[in-house]
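For reference, the structure discussed in these notes is given below.
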Amino acid sequence: MAENREQLNTDVSAKNGYCERKVFTENGKDGTVTLYKLLPGIELHCYETGAEYSEPRNLIPAGSAEIHYCTSGRTELCSDGRFYFSGKGEALLHRKGSDSVLNMLPDFRYSGISLFFDFNEKSQEFTDTMERFSIDLDYFRALCREGVFYRIDPNGRRTMSLLEELAQKHEEMTGEHLLLKAIELLLAISGERDHLVSPNDQGYSGYQAQTVRELRNYIIDRYDEHHTVDELSVLFHFSPTSLKQWFRGVYGMSIYSYLKLYRLYAAKEYLDRNDASVSQTALYVGYENPSKFSAAFRDEFGLTPKAYKMALKD
(Lines give C-alpha, C1' and ligand atoms only; values in the text may rest on other atoms or scores of the structure.)
Protein backbone atom coordinates (compact mmCIF):
# COMPACT_ATOMS: atom_id res chain seq x y z
CA MET A 1 0.00 0.00 0.00
CA ALA A 2 1.11 3.57 -0.48
CA GLU A 3 3.18 4.94 2.39
CA ASN A 4 2.86 8.43 3.82
CA ARG A 5 5.29 10.70 2.07
CA GLU A 6 7.10 12.61 4.84
CA GLN A 7 10.42 11.91 3.12
CA LEU A 8 9.19 12.85 -0.35
CA ASN A 9 11.39 15.23 -2.34
CA THR A 10 9.18 18.29 -2.02
CA ASP A 11 9.75 21.88 -3.05
CA VAL A 12 7.47 24.82 -2.41
CA SER A 13 7.16 26.43 -5.83
CA ALA A 14 4.57 29.04 -4.91
CA LYS A 15 3.38 30.53 -1.67
CA ASN A 16 1.07 33.48 -1.43
CA GLY A 17 -0.87 34.11 1.75
CA TYR A 18 -3.51 31.44 2.04
CA CYS A 19 -2.22 29.45 -0.99
CA GLU A 20 0.84 27.20 -1.17
CA ARG A 21 1.86 24.89 -4.02
CA LYS A 22 4.17 21.94 -3.40
CA VAL A 23 5.92 20.08 -6.19
CA PHE A 24 7.25 16.57 -5.60
CA THR A 25 8.84 13.71 -7.52
CA GLU A 26 9.01 10.01 -6.80
CA ASN A 27 10.26 7.17 -8.98
CA GLY A 28 10.51 9.57 -11.91
CA LYS A 29 6.89 10.70 -11.55
CA ASP A 30 5.94 14.28 -10.82
CA GLY A 31 3.08 15.79 -8.88
CA THR A 32 1.73 18.96 -7.32
CA VAL A 33 -0.40 19.63 -4.29
CA THR A 34 -1.98 23.07 -3.99
CA LEU A 35 -3.00 23.91 -0.42
CA TYR A 36 -5.51 26.63 0.44
CA LYS A 37 -5.67 27.53 4.12
CA LEU A 38 -9.14 29.03 4.17
CA LEU A 39 -9.67 29.39 7.92
CA PRO A 40 -8.24 27.84 11.08
CA GLY A 41 -9.68 24.33 10.87
CA ILE A 42 -10.58 24.45 7.14
CA GLU A 43 -8.23 23.61 4.26
CA LEU A 44 -8.65 22.73 0.59
CA HIS A 45 -5.99 20.54 -1.06
CA CYS A 46 -5.92 20.05 -4.84
CA TYR A 47 -3.93 17.19 -6.35
CA GLU A 48 -2.42 16.56 -9.76
CA THR A 49 0.06 13.69 -9.76
CA GLY A 50 1.56 10.81 -11.66
CA ALA A 51 2.89 9.23 -8.45
CA GLU A 52 1.03 7.56 -5.62
CA TYR A 53 0.37 10.04 -2.86
CA SER A 54 -1.08 10.25 0.63
CA GLU A 55 -0.99 13.25 2.94
CA PRO A 56 1.83 13.20 5.53
CA ARG A 57 0.47 12.20 8.94
CA ASN A 58 1.49 15.44 10.61
CA LEU A 59 -0.08 17.77 8.04
CA ILE A 60 -3.73 17.47 9.09
CA PRO A 61 -4.95 16.98 12.70
CA ALA A 62 -6.10 13.43 13.41
CA GLY A 63 -9.86 13.26 13.71
CA SER A 64 -10.48 15.87 11.02
CA ALA A 65 -13.14 15.13 8.44
CA GLU A 66 -11.88 14.69 4.90
CA ILE A 67 -14.29 15.12 1.99
CA HIS A 68 -12.58 13.79 -1.11
CA TYR A 69 -13.61 14.04 -4.76
CA CYS A 70 -11.74 12.24 -7.54
CA THR A 71 -11.67 13.65 -11.08
CA SER A 72 -9.26 11.10 -12.61
CA GLY A 73 -7.39 8.03 -11.43
CA ARG A 74 -8.38 5.87 -8.47
CA THR A 75 -8.66 6.41 -4.70
CA GLU A 76 -7.81 3.79 -2.10
CA LEU A 77 -9.23 4.20 1.40
CA CYS A 78 -7.96 1.95 4.16
CA SER A 79 -10.60 2.00 6.91
CA ASP A 80 -10.69 -0.33 9.90
CA GLY A 81 -8.35 -2.78 8.18
CA ARG A 82 -10.34 -3.03 4.93
CA PHE A 83 -9.57 -1.42 1.57
CA TYR A 84 -12.17 0.44 -0.50
CA PHE A 85 -11.69 1.90 -3.96
CA SER A 86 -13.40 4.64 -5.93
CA GLY A 87 -12.75 6.55 -9.14
CA LYS A 88 -13.62 9.43 -11.40
CA GLY A 89 -16.68 11.40 -10.34
CA GLU A 90 -16.97 9.64 -6.97
CA ALA A 91 -16.77 11.26 -3.53
CA LEU A 92 -16.45 10.10 0.06
CA LEU A 93 -16.28 11.45 3.59
CA HIS A 94 -14.15 9.92 6.31
CA ARG A 95 -12.39 10.65 9.59
CA LYS A 96 -8.69 11.19 8.97
CA GLY A 97 -6.48 9.32 11.42
CA SER A 98 -4.51 6.17 12.09
CA ASP A 99 -7.68 4.12 11.56
CA SER A 100 -8.47 5.65 8.16
CA VAL A 101 -5.90 6.56 5.49
CA LEU A 102 -6.62 7.81 1.96
CA ASN A 103 -4.17 7.07 -0.85
CA MET A 104 -4.29 8.41 -4.39
CA LEU A 105 -3.53 5.91 -7.14
CA PRO A 106 -2.73 7.65 -10.42
CA ASP A 107 -2.87 4.65 -12.80
CA PHE A 108 -1.81 7.06 -15.53
CA ARG A 109 -2.60 10.42 -13.92
CA TYR A 110 -4.45 11.32 -10.74
CA SER A 111 -6.37 14.51 -10.02
CA GLY A 112 -8.83 15.37 -7.30
CA ILE A 113 -9.49 17.52 -4.24
CA SER A 114 -9.84 17.09 -0.50
CA LEU A 115 -11.49 19.46 1.95
CA PHE A 116 -10.40 19.06 5.55
CA PHE A 117 -12.59 20.26 8.41
CA ASP A 118 -11.39 20.09 12.01
CA PHE A 119 -14.71 20.32 13.81
CA ASN A 120 -12.89 20.48 17.15
CA GLU A 121 -11.10 23.72 16.18
CA LYS A 122 -11.29 26.16 19.11
CA SER A 123 -10.37 29.47 17.44
CA GLN A 124 -12.85 32.33 17.69
CA GLU A 125 -12.72 32.83 13.92
CA PHE A 126 -13.81 29.26 13.28
CA THR A 127 -16.49 29.31 15.99
CA ASP A 128 -17.94 32.61 14.77
CA THR A 129 -18.06 31.39 11.16
CA MET A 130 -19.83 28.16 12.07
CA GLU A 131 -22.39 30.09 14.12
CA ARG A 132 -22.91 32.73 11.43
CA PHE A 133 -23.87 30.08 8.87
CA SER A 134 -25.72 27.84 11.35
CA ILE A 135 -23.45 24.84 10.76
CA ASP A 136 -24.58 21.87 12.86
CA LEU A 137 -21.24 20.96 14.43
CA ASP A 138 -22.75 18.18 16.55
CA TYR A 139 -23.99 16.47 13.38
CA PHE A 140 -20.58 16.60 11.71
CA ARG A 141 -18.73 15.52 14.85
CA ALA A 142 -21.04 12.52 15.05
CA LEU A 143 -20.19 11.65 11.43
CA CYS A 144 -16.48 11.55 12.22
CA ARG A 145 -16.52 8.41 14.30
CA GLU A 146 -13.54 6.11 14.33
CA GLY A 147 -13.57 3.43 11.64
CA VAL A 148 -16.59 4.90 9.82
CA PHE A 149 -16.73 6.39 6.34
CA TYR A 150 -19.40 7.29 3.83
CA ARG A 151 -19.73 7.36 0.10
CA ILE A 152 -21.56 10.41 -1.24
CA ASP A 153 -24.42 9.30 -3.45
CA PRO A 154 -24.32 11.02 -6.89
CA ASN A 155 -27.99 11.87 -6.34
CA GLY A 156 -26.86 14.36 -3.72
CA ARG A 157 -26.74 16.78 -6.61
CA ARG A 158 -25.95 20.00 -4.76
CA THR A 159 -23.08 18.35 -2.87
CA MET A 160 -21.61 16.79 -6.01
CA SER A 161 -22.05 19.99 -8.02
CA LEU A 162 -20.09 21.98 -5.43
CA LEU A 163 -17.29 19.41 -5.34
CA GLU A 164 -17.02 19.44 -9.12
CA GLU A 165 -17.00 23.25 -9.16
CA LEU A 166 -14.21 23.38 -6.58
CA ALA A 167 -12.19 20.78 -8.48
CA GLN A 168 -12.54 22.56 -11.82
CA LYS A 169 -12.42 26.23 -10.84
CA HIS A 170 -10.42 26.57 -7.60
CA GLU A 171 -7.63 28.46 -9.36
CA GLU A 172 -10.11 31.11 -10.53
CA MET A 173 -11.54 31.79 -7.06
CA THR A 174 -10.37 34.11 -4.31
CA GLY A 175 -9.74 32.80 -0.82
CA GLU A 176 -13.00 34.32 0.40
CA HIS A 177 -14.91 32.71 -2.45
CA LEU A 178 -13.34 29.32 -1.72
CA LEU A 179 -14.28 29.61 1.95
CA LEU A 180 -17.88 30.40 1.07
CA LYS A 181 -17.97 27.37 -1.21
CA ALA A 182 -16.57 25.19 1.59
CA ILE A 183 -19.28 26.44 3.96
CA GLU A 184 -21.89 25.94 1.25
CA LEU A 185 -20.65 22.37 0.91
CA LEU A 186 -21.24 21.69 4.61
CA LEU A 187 -24.76 23.08 4.30
CA ALA A 188 -25.39 20.93 1.23
CA ILE A 189 -24.18 17.76 2.97
CA SER A 190 -26.32 18.56 6.00
CA GLY A 191 -29.34 19.18 3.78
CA GLU A 192 -28.73 16.05 1.70
CA ARG A 193 -27.76 13.76 4.56
CA ASP A 194 -29.84 10.92 3.10
CA HIS A 195 -27.23 10.79 0.33
CA LEU A 196 -24.39 9.95 2.71
CA VAL A 197 -24.36 6.16 2.49
CA SER A 198 -22.32 3.50 4.23
CA PRO A 199 -20.48 1.25 1.76
CA ASN A 200 -22.65 -1.59 0.50
CA ASP A 201 -19.66 -3.87 0.06
CA GLN A 202 -17.16 -5.40 2.45
CA GLY A 203 -14.15 -3.92 0.71
CA TYR A 204 -11.00 -5.95 0.25
CA SER A 205 -8.62 -7.47 2.74
CA GLY A 206 -5.02 -6.31 2.71
CA TYR A 207 -4.08 -9.64 1.15
CA GLN A 208 -6.60 -9.26 -1.67
CA ALA A 209 -5.56 -5.67 -2.40
CA GLN A 210 -1.88 -6.61 -2.35
CA THR A 211 -2.49 -9.56 -4.68
CA VAL A 212 -4.14 -7.27 -7.23
CA ARG A 213 -1.24 -4.83 -6.96
CA GLU A 214 1.23 -7.66 -7.56
CA LEU A 215 -0.82 -8.81 -10.55
CA ARG A 216 -0.86 -5.26 -11.93
CA ASN A 217 2.92 -4.92 -11.46
CA TYR A 218 3.48 -8.29 -13.13
CA ILE A 219 1.55 -7.41 -16.30
CA ILE A 220 2.95 -3.88 -16.68
CA ASP A 221 6.51 -5.18 -16.23
CA ARG A 222 5.70 -7.41 -19.21
CA TYR A 223 3.30 -5.13 -21.04
CA ASP A 224 4.65 -6.11 -24.45
CA GLU A 225 3.59 -9.73 -23.84
CA HIS A 226 0.19 -11.40 -24.19
CA HIS A 227 -1.44 -12.55 -20.94
CA THR A 228 -4.52 -14.70 -20.45
CA VAL A 229 -6.63 -14.68 -17.30
CA ASP A 230 -6.25 -18.45 -17.00
CA GLU A 231 -2.46 -18.18 -17.04
CA LEU A 232 -2.53 -15.37 -14.46
CA SER A 233 -4.90 -17.31 -12.21
CA VAL A 234 -2.47 -20.25 -12.12
CA LEU A 235 0.46 -17.94 -11.44
CA PHE A 236 -1.31 -16.10 -8.58
CA HIS A 237 -3.19 -19.15 -7.23
CA PHE A 238 -6.70 -17.72 -7.48
CA SER A 239 -9.66 -18.55 -9.66
CA PRO A 240 -10.08 -16.56 -12.90
CA THR A 241 -13.40 -15.21 -11.61
CA SER A 242 -11.85 -13.90 -8.38
CA LEU A 243 -8.92 -12.27 -10.18
CA LYS A 244 -11.20 -10.54 -12.68
CA GLN A 245 -13.57 -9.28 -9.98
CA TRP A 246 -10.81 -8.07 -7.68
CA PHE A 247 -8.89 -6.33 -10.45
CA ARG A 248 -11.98 -4.49 -11.68
CA GLY A 249 -12.85 -3.51 -8.09
CA VAL A 250 -9.42 -2.02 -7.45
CA TYR A 251 -8.62 -0.43 -10.84
CA GLY A 252 -12.10 0.18 -12.22
CA MET A 253 -11.60 -1.78 -15.45
CA SER A 254 -10.79 -5.25 -16.73
CA ILE A 255 -7.25 -6.62 -16.85
CA TYR A 256 -7.36 -6.45 -20.66
CA SER A 257 -8.56 -2.82 -20.71
CA TYR A 258 -5.96 -1.77 -18.14
CA LEU A 259 -3.11 -3.37 -20.06
CA LYS A 260 -4.32 -1.86 -23.33
CA LEU A 261 -4.42 1.60 -21.77
CA TYR A 262 -1.00 1.12 -20.18
CA ARG A 263 0.47 0.16 -23.56
CA LEU A 264 -0.96 3.28 -25.16
CA TYR A 265 0.49 5.56 -22.49
CA ALA A 266 3.82 3.74 -22.78
CA ALA A 267 3.69 4.33 -26.54
CA LYS A 268 3.00 8.02 -26.00
CA GLU A 269 6.01 8.32 -23.69
CA TYR A 270 8.13 6.37 -26.18
CA LEU A 271 7.21 8.79 -28.97
CA ASP A 272 8.01 11.71 -26.65
CA ARG A 273 11.54 10.39 -26.17
CA ASN A 274 12.37 8.78 -29.51
CA ASP A 275 12.18 9.56 -33.21
CA ALA A 276 10.59 6.17 -33.88
CA SER A 277 8.25 5.08 -36.65
CA VAL A 278 4.68 4.03 -35.97
CA SER A 279 5.59 0.38 -36.72
CA GLN A 280 8.56 0.48 -34.34
CA THR A 281 6.42 2.02 -31.61
CA ALA A 282 3.67 -0.53 -32.10
CA LEU A 283 6.09 -3.43 -31.75
CA TYR A 284 7.74 -1.79 -28.74
CA VAL A 285 4.48 -1.87 -26.78
CA GLY A 286 3.33 -5.29 -27.97
CA TYR A 287 1.12 -4.52 -30.99
CA GLU A 288 1.79 -6.77 -33.98
CA ASN A 289 -0.58 -4.81 -36.21
CA PRO A 290 0.42 -1.12 -36.65
CA SER A 291 -3.04 -0.24 -38.01
CA LYS A 292 -4.79 -1.55 -34.90
CA PHE A 293 -2.25 0.31 -32.79
CA SER A 294 -2.88 3.58 -34.65
CA ALA A 295 -6.64 3.22 -34.28
CA ALA A 296 -6.39 2.51 -30.55
CA PHE A 297 -3.98 5.44 -30.08
CA ARG A 298 -6.34 7.80 -31.91
CA ASP A 299 -9.33 6.63 -29.87
CA GLU A 300 -7.48 7.39 -26.62
CA PHE A 301 -5.60 10.60 -27.46
CA GLY A 302 -7.56 12.10 -30.36
CA LEU A 303 -4.59 11.92 -32.74
CA THR A 304 -2.95 9.12 -34.70
CA PRO A 305 0.65 8.33 -33.65
CA LYS A 306 1.86 9.96 -36.87
CA ALA A 307 -0.11 13.14 -36.18
CA TYR A 308 1.08 13.13 -32.58
CA LYS A 309 4.71 12.94 -33.75
CA MET A 310 4.17 15.85 -36.10
CA ALA A 311 2.58 17.89 -33.29
CA LEU A 312 5.65 17.29 -31.12
CA LYS A 313 7.85 18.87 -33.78
CA ASP A 314 5.69 22.00 -34.15
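The values are calculated or read from the model by the stated rules, or taken from the named source; none is laboratory data. Bear in mind the structure is a predicted one, so any value in this text is a computation, not a measurement. All Cβ positions, even for glycine, are placed from backbone atoms using ideal geometry, and neighbour counts span all protein chains on display.
Which number in (1) assigned to a helix (DSSP H, G or I); (2) in contact (Cβ under 8 Å) with a residue 12 or more places away in the chain marks the one condition that Asn217 misses?
The failed condition is (2).
Does the range 48-105 hold any residues that are under 22 Å from Tyr139 (Cβ atoms) and either β-branched (Val, Ile, Thr) or not assigned by TED's automatic domain parsing to the domain that holds Asp30 (or both), and which are they?
Ile60, Ile67
Take the residues in the range 112-125 that are surrounded by 20 or more Cβ atoms within 10 Å (Cβ to Cβ) and not in a loop (DSSP other than H, G, I, E, B); name whichever of them is farthest from the chain's Cα centre (by Cα).
Filtering first and then ranking leaves Phe117.
Results for (1) more than 19 Å from Ala209 (Cα to Cα); (2) acidic (Asp, Glu); (3) surrounded by 17 or more Cβ atoms within 10 Å (Cβ to Cβ), shown as yes or no for each residue.
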{"site": "Thr228", "(1), (2), (3)": "yes, no, no"}
{"site": "His237", "(1), (2), (3)": "no, no, no"}
{"site": "Ser242", "(1), (2), (3)": "no, no, no"}
{"site": "Phe247", "(1), (2), (3)": "no, no, yes"}
{"site": "Val250", "(1), (2), (3)": "no, no, yes"}
{"site": "Met253", "(1), (2), (3)": "no, no, no"}
{"site": "Leu261", "(1), (2), (3)": "yes, no, no"}
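Only residues in the range 134-155 that are assigned by TED's automatic domain parsing to the domain that holds Ser114 and at pLDDT 90 or above count as the first member; pair them with residues that are surrounded by 12 or more Cβ atoms within 10 Å (Cβ to Cβ) and of a type in the set (Phe, Trp, Tyr), Cβ under 6 angstrom, at least 6 apart or cross-chain, and list the lot.
Leu137/Phe119; Phe140/Phe119; Arg141/Phe119
Taking the criterion of being part of a helix (DSSP H, G or I), of a type in the set (Asp, Glu) and at pLDDT below 95, would at least one residue in the range 174-189 satisfy it?
yes
Of the conditions (1) buried (at least 19 other Cβ atoms within 10 Å of the Cβ); (2) at pLDDT 90 or above; (3) under 26 Å from Met253 (Cα atoms); (4) not basic (Lys, Arg), Ile42 clears all except one; give me its number.
Failing condition for Ile42: (3).
Search the range 280-302 for residues that are touching a residue at least 40 places away in the same chain (Cβ under 8 Å) and pair each with any residue that is of a type in the set (Gly, Ala, Ser) and assigned to a loop (DSSP other than H, G, I, E, B) when their beta-carbon atoms are under 9 Å apart and the residues are at least 6 apart or on different chains.
Close Cβ pairs satisfying both conditions: Tyr284/Ala276.
Closer than 27 Å to Gly31 by Cα and more than 21 Å from the chain's Cα centre (by Cα): is that true of Thr174 in this structure?
It is true that Thr174 is closer than 27 Å to Gly31 by Cα and more than 21 Å from the chain's Cα centre (by Cα).
Conditions tested, residue by residue: (1) out of contact with any Leu (no Cβ under 8 Å at 6 or more places or on another chain); (2) closer than 30 Å to Glu300 by Cα.
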residue	(1), (2)
Ser111	yes, yes
Gln124	yes, no
Glu131	yes, no
Tyr150	no, no
Glu165	yes, yes
Leu178	no, no
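Which one is nearest to Phe149 (Cα to Cα) among residues in the range 189-212 that are without any contact (Cβ under 8 Å) to a residue 40 or more places away in the chain and under 23 Å from the mean Cα position of the chain (by Cα)?
Ranking the qualifying residues of the range 189-212, first place goes to Asn200.
If a residue has to be surrounded by 12 or more Cβ atoms within 10 Å (Cβ to Cβ) and part of a helix (DSSP H, G or I) to count, how many in the range 190-213 make the cut?
The number of residues fulfilling the criteria is 11.
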